[in-house]
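Shown next, in structure tokens, is the structure this report addresses.
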Amino acid sequence: MTFQNTREFAKQLDAQDALNHYQNEFIFPKVNDKRVIYFTGNSLGLQPKNTKAYVDEVMNDWAELAVEGHFYAQKPWWDYQERFAEPLSKIVGALPSEVTVMNTLTVNLHLLMVSFYQPKGKRYKIICEEKAFPSDQYMFQSQVHFHGYKPEDAIVEIKRREGEHNIRLEDVLAKIEEVGDELALVLIGGVNYYTGQVFDIKTITAAGQKAGAKVGWDLAHAAGNIKLELHDWNVDFAAWCSYKYMNSGPGNASGIFVHEKHHNDPDLPRFAGWWGHNKERRFKMEPNFDPVHGAGGWQISNLPVLSLAPYLASVEMFAEVGMDALIAKRDHITSYLEFILHEIDKEVKGNFEIITPSNPKERASQLSVFLHGEGRSLFDYLMKNGVITDWREPNVIRLAPVPLYCSYEDMYDFGQILKKGILGK
Ligand SMILES: Cc1ncc(COP(=O)(O)O)c(C=O)c1O
Ligand SMILES: Nc1ccccc1C(=O)C[C@H](N)C(=O)O
């Protein structure tokens, strides 16, 4: 399709967009009395309007039933997490028994590393991506320390080539082969938080496992954003947060995936707690741990139901929309945003450099743009004019045109505001 940088054209795309009405299901902050253009759903998704009802329900049940709510709430709290299995498994391409929700992302990755990072003899190294999200870097360092290794020896980063912004698949595969029988674990962000690069999860997983390692994924920027087939891709484990593309609210519950093939492994160590204990006998207060079959066996504490309620609202919306429809719009609106950026770049004689891969297969709902020659004042101008973006030093803006609530007209308007911000200086 040939795009045009006009409001009429953008409106026409909105009129043809089957997901357009979903923007009405969300609450937008306002700037100058106008709803903002929201590009930071990759950091914190907007609040869906129906979320409050899910939270209020728990608050009301707590008020009216108190402790009895564990068993008699409208959605009883003691097995609240089971409501996620069906819809969430569809979102990440898993069997219902392979997913559950609990804790928060870094905590869950640590817990999963207890099970899947078991260095032994010469096999103790972890492969990760260069400049992984800092929390992951701290996690790797503390995990290898915990096992008595030195980070500079045990952590192997896959580097970008000189002058390139993204990591090449061939370099990932070569590094896996090079580390070979010293490799214990590959753990990479499925979508890089900074560049928006999407990794080939299937191919990397197979290569890591061929080398004899376990392969896990941090899906913070992937869940609810890209098509995942975690079961079929034979991924060992994964975890994600729910507050980005899945709109569950600040710091709310994380999801985990543990492949079915590990559900019956008696030798897997794990940190246990009573919520991972056999469901039928959980309240018999038995002394010996008998894990729930499946990902639920990694649960530890009783559930933070108020943190799960908004996530449940979100998961149900995703089930209604379906990942395929979401992804079709995602690719189209991201291409339109890319087009708008190129057009404005020409008009202002700028020097924008999109560092996200241009190949639609290697990107999802994010364009990271180097605004060479521009500074923080441009970011401030955008914010003051109702465009919420994310600024990373030195001058990269990350733009996530989230398909559930961003419109094509938003992309056009953004272009006009960006142009004014640059030319009006
Ligand atoms: C790739 C990635 N990993 C980990 C985190 C940290 O997650 P949390 O603070 O929920 O543990 C984030 C974002 O905050 C992230 O983008
Ligand atoms: N949870 C947060 C709390 C405070 C500030 C940022 C975050 C983020 O999630 C950042 C996000 N991981 C990112 O890719 O920038």
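The values are calculated or read from the model by the stated rules, or taken from the named source; none is laboratory data. The model shown is predicted, which means the values in this text are computed figures rather than measured ones. Cβ: placed from backbone, ideal geometry, glycine included. Neighbour counts: every protein chain shown. Only protein heavy atoms, including side chains, enter the accessible area calculation; ligands, DNA and RNA are left aside. Shrake-Rupley method; radii C 1.70, N 1.55, O 1.52, S 1.80 Å.
For (1) surrounded by fewer than 18 Cβ atoms within 10 Å (Cβ to Cβ); (2) within 16 Å of ligand 2 (Cβ to nearest atom); (3) touching a residue at least 40 places away in the same chain (Cβ under 8 Å), each residue gets a yes or a no:
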{"site": "Gly69", "(1), (2), (3)": "no, no, no"}
{"site": "Ala73", "(1), (2), (3)": "no, no, no"}
{"site": "Pro76", "(1), (2), (3)": "yes, no, no"}
{"site": "Pro87", "(1), (2), (3)": "no, no, yes"}
{"site": "Ala94", "(1), (2), (3)": "no, no, yes"}
{"site": "Val99", "(1), (2), (3)": "no, no, yes"}
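For His231, indicate whether it is away from ligand 2 (no atom under 16 Å from the Cβ), under 30 Å from Trp62 (Cα atoms), in a loop (DSSP other than H, G, I, E, B) and open to solvent by 20 Å² or more (accessible area, probe 1.4 Å). Write out each step before concluding.
On the way: away from ligand 2 (no atom under 16 Å from the Cβ): yes; under 30 Å from Trp62 (Cα atoms): no; in a loop (DSSP other than H, G, I, E, B): yes; open to solvent by 20 Å² or more (accessible area, probe 1.4 Å): yes.
No.
Just to check your reading of the model, which residue among Gln137, Gln141 is surrounded by fewer than 20 Cβ atoms within 10 Å (Cβ to Cβ), assigned by the TED database to the domain that holds Trp233, within 16 Å of ligand 2 (Cβ to nearest atom) and at pLDDT 95 or above? Before the answer, list the steps.
Details: Gln141 fails: within 16 Å of ligand 2 (Cβ to nearest atom).
Answer to the selection: Gln137.
Report whether or not Gly276 is within 16 Å of ligand 2 (Cβ to nearest atom) and surrounded by 22 or more Cβ atoms within 10 Å (Cβ to Cβ). Reasoning before the result, please.
Working: within 16 Å of ligand 2 (Cβ to nearest atom): no; surrounded by 22 or more Cβ atoms within 10 Å (Cβ to Cβ): yes.
No, not satisfied.
What pairs come up if the first residue lies in the range 181-208 and is assigned by the TED database to the domain that holds Ala94 and over 30 Å from Leu399 (Cα atoms), the second is within 12 Å of ligand 1 (Cβ to nearest atom) and open to solvent by less than 10 Å² (accessible area, probe 1.4 Å), and their beta carbons are under 6 Å apart, counting only those six or more places apart or on different chains?
none
Taking the range 204-228 as the search range and keeping residues that are farther than 20 Å from Val101 by Cβ and in a loop (DSSP other than H, G, I, E, B), which one is farthest from ligand 1 (Cβ to nearest atom)? Spell out the reasoning first.
We begin by selecting, within the range 204-228, every residue farther than 20 Å from Val101 by Cβ; these are 204-215, 227.
Cutting the leftovers down to in a loop (DSSP other than H, G, I, E, B) gives us 211-213, 227.
Working: Ala211: 23, Gly212: 26, Ala213: 20, Lys227: 18 Å.
The selected residue is Gly212.
Contact list please: Cβ distance under 6 Å, first residue in the range 345-358 and under 21 Å from Gly163 (Cβ atoms), second residue open to solvent by less than 90 Å² (accessible area, probe 1.4 Å) and part of a loop (DSSP other than H, G, I, E, B), pairs at least six apart or on different chains.
These pairs meet every condition: Asn351/His372; Asn351/Gly373; Ile355/His165; Ile355/Thr195; Thr356/Thr195; Thr356/Gly196; Pro357/Asn166.
Consider Ile91 carefully, then state whether it is more than 16 Å from ligand 1 (Cβ to nearest atom) and assigned by the TED database to the domain that holds Gly212.
Working: more than 16 Å from ligand 1 (Cβ to nearest atom): yes; assigned by the TED database to the domain that holds Gly212: yes.
So Ile91 passes the test.
Tally up the residues in the range 101-116 that are away from ligand 2 (no atom under 16 Å from the Cβ) and either free of Cβ contacts under 8 Å to residues at least 40 places away in the same chain or of a type in the set (A, V, I, L, M) (or both), please.
7
Determine whether Asp218 is open to solvent by less than 20 Å² (accessible area, probe 1.4 Å) and either over 30 Å from Glu320 (Cβ atoms) or not assigned by the TED database to the domain that holds Met102 (or both). Working first, answer last.
Numbers: open to solvent by less than 20 Å² (accessible area, probe 1.4 Å): yes; either over 30 Å from Glu320 (Cβ atoms) or not assigned by the TED database to the domain that holds Met102 (or both): no.
Here the answer is no, as Asp218 does not meet what is asked.
Just a yes or no: is a residue in the range 6-13 of a type outside the set (Lys, Arg) and at pLDDT below 95?
First, the residues of the range 6-13 that are of a type outside the set (Lys, Arg): 6, 8-10, 12-13.
From what is left, the residues that are at pLDDT below 95 are none.
No - not one qualifying residue is present in the range 6-13.
Please name all residue pairs, on different chains or six or more residues apart, with Cβ atoms under 7 Å, provided the first residue is in the range 374-387 and is of a type in the set (Phe, Trp, Tyr) and the second residue is open to solvent by less than 60 Å² (accessible area, probe 1.4 Å).
Every condition considered, the pairs that remain are Phe379/Thr389; Phe379/Trp391; Phe379/Ile397; Tyr381/Gly421.
Within the set of pairs 6 or more residues apart or between chains, which connect a residue that is more than 15 Å from Thr205 (Cβ to Cβ) inside the range 167-179 to a residue that is outside any loop (DSSP other than H, G, I, E, B) with Cβ atoms less than 8 Å apart?
Ile167/Glu129; Ile167/Ile158; Ile167/Gln197; Asp171/Ile158; Val179/Lys125; Val179/Ile127; Val179/Val156
For the range 388-408, check the following and say yes or no: at least one residue is touching a strand residue (DSSP E or B) at 6+ places or on another chain (Cβ under 6 Å), over 25 Å from Ser242 (Cα atoms) and modelled with pLDDT under 95.
Yes - at least one qualifying residue is present in the range 388-408.
Quick one: is Lys34 open to solvent by 80 Å² or more (accessible area, probe 1.4 Å) and in contact with a strand residue (DSSP E or B) (Cβ under 9 Å, 6 or more places away or on another chain)? Write out each step before concluding.
Numbers: open to solvent by 80 Å² or more (accessible area, probe 1.4 Å): yes; in contact with a strand residue (DSSP E or B) (Cβ under 9 Å, 6 or more places away or on another chain): no.
So Lys34 does not fit the description; no.
How about the range 186-203: which of its residues are within 16 Å of ligand 1 (Cβ to nearest atom) and more than 28 Å from Glu353 (Cα to Cα)? Break it down into steps so the answer makes sense when it comes.
Applying the first criterion (within 16 Å of ligand 1 (Cβ to nearest atom)) to the range 186-203 yields 186-199, 201.
Within the range 186-203, Val186, Leu187 meet the criteria.
Step by step: first the residues of the range 117-152, then only those that are touching a residue at least 24 places away in the same chain (Cβ under 8 Å) and of a type in the set (D, E, K, R), then the one that is nearest to ligand 1 (Cβ to nearest atom). Which residue is that?
My answer is Asp136.
Pick from the range 291-321 the residues that are exposed (fewer than 14 other Cβ atoms within 10 Å of the Cβ) and in contact (Cβ under 8 Å) with a residue 12 or more places away in the chain: which of them is farthest from the chain's Cα centre (by Cα)? Walk me through how you get there before you give the answer.
The initial filter retains those residues of the range 291-321 that are exposed (fewer than 14 other Cβ atoms within 10 Å of the Cβ), namely 293, 301, 320.
Among the residues that remain, those that are also in contact (Cβ under 8 Å) with a residue 12 or more places away in the chain are: 293, 301.
Working: His293: 26, Ser301: 23 Å.
Selected residue: His293.
Assess whether Pro269 counts as being surrounded by fewer than 15 Cβ atoms within 10 Å (Cβ to Cβ), within 16 Å of ligand 2 (Cβ to nearest atom) and in contact (Cβ under 8 Å) with a residue 40 or more places away in the chain.
Working: surrounded by fewer than 15 Cβ atoms within 10 Å (Cβ to Cβ): yes; within 16 Å of ligand 2 (Cβ to nearest atom): no; in contact (Cβ under 8 Å) with a residue 40 or more places away in the chain: yes.
No, not satisfied.
If we keep just the residues of the range 158-191 that are of a type outside the set (Lys, Arg) and open to solvent by 70 Å² or more (accessible area, probe 1.4 Å), which is nearest to the chain's Cα centre (by Cα)?
Quick first cut of the range 158-191, residues of a type outside the set (Lys, Arg) only: 158, 162-167, 169-174, 176-191.
Okay, now just the ones that are also open to solvent by 70 Å² or more (accessible area, probe 1.4 Å), so 162-163, 170, 177-178, 181.
Values: Glu162: 28, Gly163: 27, Glu170: 24, Glu177: 28, Glu178: 29, Asp181: 30 Å.
Top of the filtered list is Glu170.
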